[in-house]
Amino acid sequence: LIGKDFWQEFPEQVGTATDISFRRTVTHQESLRFEYLDPKSDRWFEIASYPSTENGVSVFFRDITNRKVNSEALRLSEERFRVALKQSPIAVFNLDRELRVTWIYNAQAALVMDSIASPAEGRSVAEAFPVGLAVRIAGAAQDVLRSGAGSRFYHTVDTESGTRTYDVTIEPLRDAGSQVTGITGAMIDITASK
C-alpha cells in the first residue's frame, strides 16, 4: 500500500464512517476512535485515527472481533436469564458490602415485596424488605461477607393474602480477582410446595 491512494485501493470505503472519520481527522486535526465491521472478513475493528504531518492521518487498527462476539454472547445469555426468571417465582437481588440494594430483579415474584411501592435500588436491607425478613437477610449477609461461604434459610411471612414461605439463598458476589464485593441473593416463593 505504500505510495498508493487508499481510496483507490479500497473504493468500498468511500462515503463510509471510515472515510468520514479519516477526512475529519485531516480537515479538523481531530483524533477519532470508532468501531467498524469489515463486511469482507466479517471481523470487527476498533480504529483510531490521529492527525499526522503534511495533512496526513495515522491510523491504528485493533481486531476486537472476540470482544464483540463475547459481548453479544453475554447479552444473549442475560436476555435468556431475564426471560426465564420473569416467568419464575424467584426474586434476585444484589447488595453491596454496606448491605444496600444495588440491583433487584423480579421483585414481583416474591409477594412479600408487594408492600414496596418504588424500586429498592439504593435502599438498605431494612428499607427494602419486611422487618423480620430484613433481619435474617442482614444477618446471613454479614456471615457470608465474613466467611465467604454461602448461606440458605427458610422464612415465613404473613401477608394480606395469607402466609407465604420463602427459600432464601445468600451467596458472596465476587469480582474478577475473587474478592468478595457484596452479596447476591435469591428468594423463591415455595408456599405451594410447602
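The values are calculated or read from the model by the stated rules, or taken from the named source; none is laboratory data. For clarity, every value in this text was computed on a predicted model and none was experimentally measured. Glycine also receives a Cβ, built like all others from the backbone with ideal geometry; neighbour counts cover every protein chain displayed. SASA here: full protein model, heavy atoms, side chains in, ligands and nucleic acids out. Shrake-Rupley method; radii C 1.70, N 1.55, O 1.52, S 1.80 Å.
Looking across region 119-159, the residues that are more than 14 Å from D96 (Cα to Cα) and touching a residue at least 40 places away in the same chain (Cβ under 8 Å) come down to V157, T159. The residues on offer are S41, S31, and the sole one that is in contact with a strand residue (DSSP E or B) (Cβ under 7 Å, 6 or more places away or on another chain) and either hydroxyl-bearing (S, T, Y) or within 16 Å of F6 (Cα to Cα) (or both) is S31. When region 26-42 is filtered for residues that are open to solvent by less than 90 Å² (accessible area, probe 1.4 Å) and under 24 Å from the mean Cα position of the chain (by Cα), the ones remaining, listed by number, are F34, E35, Y36, L37. Take the conditions free of Cβ contacts under 8 Å to residues at least 12 places away in the same chain, over 12 Å from L95 (Cβ atoms), open to solvent by 80 Å² or more (accessible area, probe 1.4 Å) and out of contact with any Leu (no Cβ under 8 Å at 6 or more places or on another chain) and apply them to R174. Does it pass? It is true that R174 is free of Cβ contacts under 8 Å to residues at least 12 places away in the same chain, over 12 Å from L95 (Cβ atoms), open to solvent by 80 Å² or more (accessible area, probe 1.4 Å) and out of contact with any Leu (no Cβ under 8 Å at 6 or more places or on another chain). Evaluate the following for L145: is it in a strand (DSSP E or B) and either open to solvent by 40 Å² or more (accessible area, probe 1.4 Å) or of a type in the set (A, V, I, L, M, F, W, C) (or both)? Here the answer is no, as L145 does not meet what is asked.
Taking every residue in region 21-42 that is farther than 16 Å from R62 by Cα and pairing it with any residue that is open to solvent by 100 Å² or more (accessible area, probe 1.4 Å), at least 6 positions away or on another chain, the pairs with Cβ-Cβ distances below 8 Å are V26/N55; E30/R24. Restricting attention to region 1-25, the residues that are acidic (D, E) and under 38 Å from the mean Cα position of the chain (by Cα) total 2. Taking the stated definitions as given, is N94 within 30 Å of E127 (Cα to Cα), among the polar types (S, T, N, Q), open to solvent by less than 70 Å² (accessible area, probe 1.4 Å) and at pLDDT 80 or above? So N94 passes the test. No other residue among A17, A91, A48, A73 is closer than 30 Å to R164 by Cβ and of a type in the set (A, V, I, L, M) apart from A91. Which one of these is open to solvent by 20 Å² or more (accessible area, probe 1.4 Å), part of a strand (DSSP E or B), free of Cβ contacts under 8 Å to residues at least 40 places away in the same chain and not hydrophobic (A, V, I, L, M, F, W, C): T163, T184, T191? One residue alone meets the criteria, T163.
I'd like to check something: does region 70-83 contain any residue that is in contact with a strand residue (DSSP E or B) (Cβ under 8 Å, 6 or more places away or on another chain) and either open to solvent by less than 80 Å² (accessible area, probe 1.4 Å) or not charged (D, E, K, R) (or both)? Within region 70-83, none of the residues are in contact with a strand residue (DSSP E or B) (Cβ under 8 Å, 6 or more places away or on another chain) and either open to solvent by less than 80 Å² (accessible area, probe 1.4 Å) or not charged (D, E, K, R) (or both). Within region 1-19, the residues that satisfy the criterion of being part of a helix (DSSP H, G or I) and either surrounded by fewer than 13 Cβ atoms within 10 Å (Cβ to Cβ) or not aliphatic (A, V, I, L, M) (or both) are F6, W7, Q8, E9, P11, E12, Q13, T18, D19.
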